[in-house]
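First comes the structure, then the notes that go with it.
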Amino acid sequence: MPPGSPIPGNFSTLRTPYMIPVCIAFTEPSFSKITFVMGTQMGKSATMQNVIGWKLDDHPAPVIYVGPTESNINNVVEPKVVEMFQQCDSLWRKFDQKSPKHKKRVAGVSLRFAWAGSATEMASDSAVLTLVDELDRPDENSTGEGTLAEVAEARGDAYTDSKLGLTSTPTHGSVSTYIHPDTGLEHWAVALKGKISSPIWLQWQKGTKHEWAVPCPHCNEYFIPRSHLLWWPGKDSNEECSPVTASKEAKLICFHCGSAIDDGDRPRMNAKGIAIAPGQSAKLADDQAILTQDGEEFAIPFHSYVIPSEQNNHFSIWVSGLCSFSGKKSYGYLARKLVEAKESGNPDDLLSVYNTGFGEVFAMVGDVPEWEEVFALRSEYAAGDVPEGVHTLIATVDVQKNRLVYVVRGWMDGLSSRLIEFGELWGDTDKPEVWQELDELMEQEWNGLSIKMIGVDAGYRDEEVYAWVRKYKTRARALMGLQKMDKPFGMVRVEVDKNGKVRKRGDKRWNFNTTTAKAWVHSRVRWERETVGDWLLPSNVTPDYCKQIVAEEFDENKGVYQRISKNNHFLDCEGMNFMVAKMLKLDRKGKAQQESDQEQSEDPEVQEEDQEEEPKLVKRKRKKRIARKSGNFAKSW
């Protein structure tokens, strides 16, 4: 390990004993694939580099290392590996210092560096050992020939003894636990099809499904730490607890005896940890563990494992972030991050904590609420009024053949929000009249607030949408919903029309993940009222609006939302509204920051990178309207 490493010098597994089973698996001839899943600051990348050094030094054979991006390879991985070579005399003597950046020569064999977005780098070599780091992180697939794991595995087809190593912090998915009927231990259940989109978790499910288990310092029983066993004051009673208090008082609860375990016990527990697969149990001996499988006992060293009775050539292991070697990643640190994420009301914050902190998948998707639950979110204010605390108005529009369906929502600190107005502007959307009515909506003010940003769905009548958005360059965005994306949203340039012809005028379009957007809306329905992140409706909201909010349900087999009722337009608008709020970074900003942004947007000297000067339009103050003649909103009053 180079001088700049947390622990320079010879690589030591004492700080990361849960990595010892991983290293052993790489040396086992019976395994052709090794998958290890865990959060950040767990030693994943360092272990991969250690495996590379071991292979090239002790058993030289071609190796391919696949990182998530070219930038990661050039700026992080390649320099670290070269530093490792320099620090290890036996490797440095074998290293060809004239090697190009992406293909090193050591002991007469090659170490190829590739990345997920490069078909050429991935397909150019074969290897005895192929390692894929951060499988879940690439923005796109490597070649289009299959999944990244499949493409990487094919690099070893020419060798009978080839191995594939996969690791990553997991991402999206919904998974439950179960109690094994024979051992009484709690394990992750294999998720139903469509419940998991995290590639590394899907790979883990195909393997031996080992999990890192540690002995309780109070009862000496082995158990598997996971997020729901982390405790802090008020957690069980849903009482408020400040992040600072959670940080100071957090404990890990033993699954067996219920004792509270201090963070200081973590190193001693890890020192006696072992990997356990479903159907196995263990008890603590003096200097080893006694593992039981199918009624037979095995005396095994700490940090080891026993292969399950059902033979599987794919070793897989999951390690909880609660077992991290990092002193910073304490029980208190994880509790504080989780409390802060829940207080923020931002699903991305929760996703980050569960993924990177605990090494667990996370999804907002749950049972679709009933429309009566949506109707119950009515508040005391009436449509058209702006409740106290609202500082930003966002409008979103769903374009149909004969009308524009719109929603105006007011946003508060912490992603709390209030529905201000909704309705339909009737008219052929390929004619200018209905778009002129949308102009009026842009000019309107509600209690002195005007629309900060409007998002218009460009999935239908796209040319009309782009033309209208062009008029309001700093206040309007064309949107396109995609069912599956690797990130919540992203901007693209529209260079060709729907017929494939080059467009005279390039426009910007913001693609967004509709599954994430609709899951967020449904998650708000059961959010506790009067807490940060609540999502409320006016007192006179219509049943039709509420029924449209639940017009789609999540298809577990396909992993996407499917329509179950004819009209779902207000659900689309509300999902887009949330995504525009994220684009404006309202999930990271409070009222003071919004006011600062407003002042900047009014300063002609300030121009954002992705915005142009708004054309001069005739602005006229209008009295607050209750409804438009052309909309059906008035009919519902």
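What number of residues in the stretch 233-253 are in contact with a Pro (Cβ under 6 Å, 6 or more places away or on another chain), part of a loop (DSSP other than H, G, I, E, B) and more than 13 Å from residue 338 (Cβ to Cβ)?
0
If you scan the stretch 400-419, which residues turn out to be hydroxyl-bearing (Ser, Thr, Tyr) and assigned to a strand (DSSP E or B)?
Initial filter on the stretch 400-419 (hydroxyl-bearing (Ser, Thr, Tyr)): 406, 416-417.
Result: 406, 417.
Could you figure out which of (1) touching a Lys or Arg at 6+ places or on another chain (Cβ under 6 Å); (2) free of Cβ contacts under 8 Å to residues at least 40 places away in the same chain; (3) under 21 Å from residue 578 (Cα atoms) isn't true of residue 429?
(3)
For residues that are crowded, with 18+ Cβ neighbours inside 10 Å, more than 22 Å from the chain's Cα centre (by Cα) and not in a loop (DSSP other than H, G, I, E, B), tally how many sit in the stretch 295-330.
Of the residues in the stretch 295-330, 2 are crowded, with 18+ Cβ neighbours inside 10 Å, more than 22 Å from the chain's Cα centre (by Cα) and not in a loop (DSSP other than H, G, I, E, B).
Do we have any residue at all in the stretch 413-433 that's at pLDDT 95 or above, basic (Lys, Arg) and out of contact with any helix residue (DSSP H, G or I) (no Cβ under 8 Å at 6 or more places or on another chain)?
yes
Please pick out the residue among 263, 286 that is more than 25 Å from residue 335 (Cβ to Cβ), among the acidic types (Asp, Glu) and surrounded by fewer than 21 Cβ atoms within 10 Å (Cβ to Cβ).
286 is the lone residue from the list that is more than 25 Å from residue 335 (Cβ to Cβ), among the acidic types (Asp, Glu) and surrounded by fewer than 21 Cβ atoms within 10 Å (Cβ to Cβ).
Restricting the search to the stretch 49-97, which residues are over 17 Å from residue 3 (Cα atoms) and among the acidic types (Asp, Glu)?
57, 58, 70, 96
Yes or no, residue by residue, for (1) out of contact with any Cys (no Cβ under 8 Å at 6 or more places or on another chain); (2) buried (at least 21 other Cβ atoms within 10 Å of the Cβ); (3) in a strand (DSSP E or B):
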site: 398; (1), (2), (3): no, yes, yes
site: 421; (1), (2), (3): yes, yes, yes
site: 440; (1), (2), (3): yes, no, no
site: 464; (1), (2), (3): yes, no, no
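What are the pairs with Cβ atoms under 8 angstrom where one residue, in the stretch 2-19, is assigned by TED's automatic domain parsing to the domain that holds residue 322 and the other, located anywhere, is surrounded by 13 or more Cβ atoms within 10 Å (Cβ to Cβ) and of a type in the set (D, E, K, R)? Sequence gap at least six, or different chains.
Nothing qualifies.
Could you count how many residues in the stretch 331-344 are surrounded by fewer than 23 Cβ atoms within 10 Å (Cβ to Cβ) and either in contact with a strand residue (DSSP E or B) (Cβ under 6 Å, 6 or more places away or on another chain) or assigned to a loop (DSSP other than H, G, I, E, B) (or both)?
Here the count works out to 0.
Out of 307, 276, 300, I need the residue that is of a type in the set (Val, Ile, Thr), out of contact with any helix residue (DSSP H, G or I) (no Cβ under 8 Å at 6 or more places or on another chain), more than 26 Å from residue 202 (Cα to Cα) and touching a residue at least 12 places away in the same chain (Cβ under 8 Å). Which one?
Details: 307 fails: more than 26 Å from residue 202 (Cα to Cα); 276 fails: more than 26 Å from residue 202 (Cα to Cα).
So the residue among 307, 276, 300 that is of a type in the set (Val, Ile, Thr), out of contact with any helix residue (DSSP H, G or I) (no Cβ under 8 Å at 6 or more places or on another chain), more than 26 Å from residue 202 (Cα to Cα) and touching a residue at least 12 places away in the same chain (Cβ under 8 Å) is 300.
Tell me which residues, restricted to the stretch 39-88, are free of Cβ contacts under 8 Å to residues at least 24 places away in the same chain and of a type in the set (S, T, N, Q).
Scanning the stretch 39-88 gives 71, 75.
Right, residue 13: farther than 12 Å from residue 84 by Cβ, under 28 Å from the mean Cα position of the chain (by Cα) and either of a type in the set (S, T, N, Q) or loosely packed, with under 15 Cβ neighbours inside 10 Å (or both) or not? Steps first, answer last, please.
On the way: farther than 12 Å from residue 84 by Cβ: yes; under 28 Å from the mean Cα position of the chain (by Cα): no; either of a type in the set (S, T, N, Q) or loosely packed, with under 15 Cβ neighbours inside 10 Å (or both): yes.
No, not satisfied.
For the stretch 242-253, enumerate the residues that are crowded, with 21+ Cβ neighbours inside 10 Å and modelled with pLDDT of 95 or more.
Once the filter is applied, which keeps residues that are crowded, with 21+ Cβ neighbours inside 10 Å and modelled with pLDDT of 95 or more, the stretch 242-253 yields 250, 252.
Return the residues of the stretch 188-213 that are part of a loop (DSSP other than H, G, I, E, B) and either modelled with pLDDT of 95 or more or farther than 14 Å from residue 170 by Cβ (or both); say none if nothing qualifies.
189, 190, 192, 193, 194, 207, 208, 209 - these are the residues of the stretch 188-213 that are part of a loop (DSSP other than H, G, I, E, B) and either modelled with pLDDT of 95 or more or farther than 14 Å from residue 170 by Cβ (or both).
Residues in the stretch 156-173 that are in a loop (DSSP other than H, G, I, E, B), out of contact with any Gly (no Cβ under 8 Å at 6 or more places or on another chain) and under 25 Å from residue 43 (Cα atoms): how many?
1
Can you tell me which residue in the stretch 384-396 is surrounded by the most Cβ atoms within 10 Å (Cβ to Cβ), limited to those that are more than 20 Å from residue 467 (Cα to Cα) and among the small types (Gly, Ala, Ser)?
Looking at residues that are more than 20 Å from residue 467 (Cα to Cα) and among the small types (Gly, Ala, Ser), I get 384.
Suppose the filter is in the same structural domain as residue 305 (by TED's automatic domain parsing) and under 22 Å from the mean Cα position of the chain (by Cα); does residue 227 pass it?
Working: in the same structural domain as residue 305 (by TED's automatic domain parsing): yes; under 22 Å from the mean Cα position of the chain (by Cα): yes.
The answer is yes for residue 227.
Hey, any hits in the stretch 374-381 for a residue that's surrounded by 23 or more Cβ atoms within 10 Å (Cβ to Cβ), outside any helix (DSSP H, G or I) and out of contact with any Asp or Glu (no Cβ under 8 Å at 6 or more places or on another chain)?
No, the stretch 374-381 contains no residue that is surrounded by 23 or more Cβ atoms within 10 Å (Cβ to Cβ), outside any helix (DSSP H, G or I) and out of contact with any Asp or Glu (no Cβ under 8 Å at 6 or more places or on another chain).
Based on this model, can you work out whether residue 517 counts as crowded, with 19+ Cβ neighbours inside 10 Å, without any contact (Cβ under 8 Å) to a residue 60 or more places away in the chain and not assigned by TED's automatic domain parsing to the domain that holds residue 196?
On the way: crowded, with 19+ Cβ neighbours inside 10 Å: yes; without any contact (Cβ under 8 Å) to a residue 60 or more places away in the chain: no; not assigned by TED's automatic domain parsing to the domain that holds residue 196: yes.
So residue 517 fails the test.
Going by the structure shown, is residue 54 surrounded by fewer than 21 Cβ atoms within 10 Å (Cβ to Cβ), farther than 30 Å from residue 270 by Cα and aromatic (Phe, Trp, Tyr)? Let's see the steps before the verdict.
Details: surrounded by fewer than 21 Cβ atoms within 10 Å (Cβ to Cβ): yes; farther than 30 Å from residue 270 by Cα: no; aromatic (Phe, Trp, Tyr): yes.
It is false that residue 54 is surrounded by fewer than 21 Cβ atoms within 10 Å (Cβ to Cβ), farther than 30 Å from residue 270 by Cα and aromatic (Phe, Trp, Tyr).
Does the stretch 25-45 contain any residue that is part of a loop (DSSP other than H, G, I, E, B), in contact with a strand residue (DSSP E or B) (Cβ under 7 Å, 6 or more places away or on another chain) and among the small types (Gly, Ala, Ser)?
Checked against the condition, which is being part of a loop (DSSP other than H, G, I, E, B), in contact with a strand residue (DSSP E or B) (Cβ under 7 Å, 6 or more places away or on another chain) and among the small types (Gly, Ala, Ser), the stretch 25-45 yields at least one hit.
The values are calculated or read from the model by the stated rules, or taken from the named source; none is laboratory data. Here the structure is a predicted model, which is why all the values come from computation and not from measurement. Please note: Cβ atoms are built from the backbone with ideal geometry, for glycine as well, and neighbour counts cover all protein chains shown.
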